[in-house]
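The values are calculated or read from the model by the stated rules, or taken from the named source; none is laboratory data. Quick caveat: nothing in here was measured; it's all calculated off a predicted structure. Cβ atoms come from the backbone with ideal geometry, glycine included; neighbour counts cover every protein chain shown. With ligands, DNA and RNA removed, areas are computed over all heavy atoms of the protein, side chains included. Shrake-Rupley method; radii C 1.70, N 1.55, O 1.52, S 1.80 Å.
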Amino acid sequence: VQLQACGGGLVQAGGSLKLSCAASGLTFSRYIMGWFRQAPGKEREFVTRIWSTGNTYYSDSVKGRFTISRDNAKNTVYLQMNSLKPEDTAVYYCAARTGLQGEYDYWGQGTEVTVSS
């Protein structure tokens, strides 16, 4: 199983970025897909997840600014990030799990997002 995240970069505060995570080696449509992030010197934190049904859940810190979506035909999950803030600076990871709760089974390698003030 591979999760390949991309789309990170440097953006000014208030700007937008769209991350993608392409999955292979798994039945993508059966998996709950999530995005996490880890800022320098901080622990990894949950950002958002999307169920196979398309239902979504967001952390309070990104609600209203970020949108997660998925394309099961392309085995890809996306994270549209708008109104970016310097505190959004982090390495963003995608992850996949089958269970409704519990740990994620697979993780991507991460893509770095830097938001300048």
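Highest mobility in the GNM of the chain, judged by mean-square fluctuation with C-alpha springs under 10 Å and restricted to Lys42, Lys63, Lys85, is found for Lys42.
Distance between the 7 Å Cα→Cβ label points at Glu103 and Lys63: 2.9 nm. The packing ranking of peptides 56-62, 91-97, 26-32, highest mean first, is 91-97, 26-32, 56-62, where packing means the average number of other beta carbon atoms within 10 angstrom of each residue. Scattering from the chain was approximated by placing one identical point on each alpha carbon and applying the Debye formula without solvent; log10 I(q)/I(0) at 0.16 1/Å stands at -0.67. Here the Gaussian network model covers the chain, with springs between Cα atoms less than 10 Å apart; of Gly25, Gly14, Gly41, Gly41 fluctuates the most.
In this structure, Glu87 and Gln4 have a Cβ-Cβ separation that, at R0 = 25 Å, corresponds to a calculated FRET efficiency of about 0.45. Heavy atoms of the protein chains alone define the surface here; on that basis the chain has 53 Å² accessible area per residue at 1.4 Å probe size. Compared with the alpha-carbon gap, the fully stretched path from Ser24 to Ala73 is longer by 16.5 nm at 0.36 nm per residue. When +1 charges are put on Lys and Arg Cβ atoms and -1 charges on Asp and Glu Cβ atoms, the dipole computed for segment 1-110 relative to its Cα centre reaches about 200 debye.
On the accessible surface of segment 1-73, probed at 1.4 Å, how many percent belong to carbon and sulfur atoms? Of all accessible area on segment 1-73, carbon and sulfur atoms account for 44 percent.
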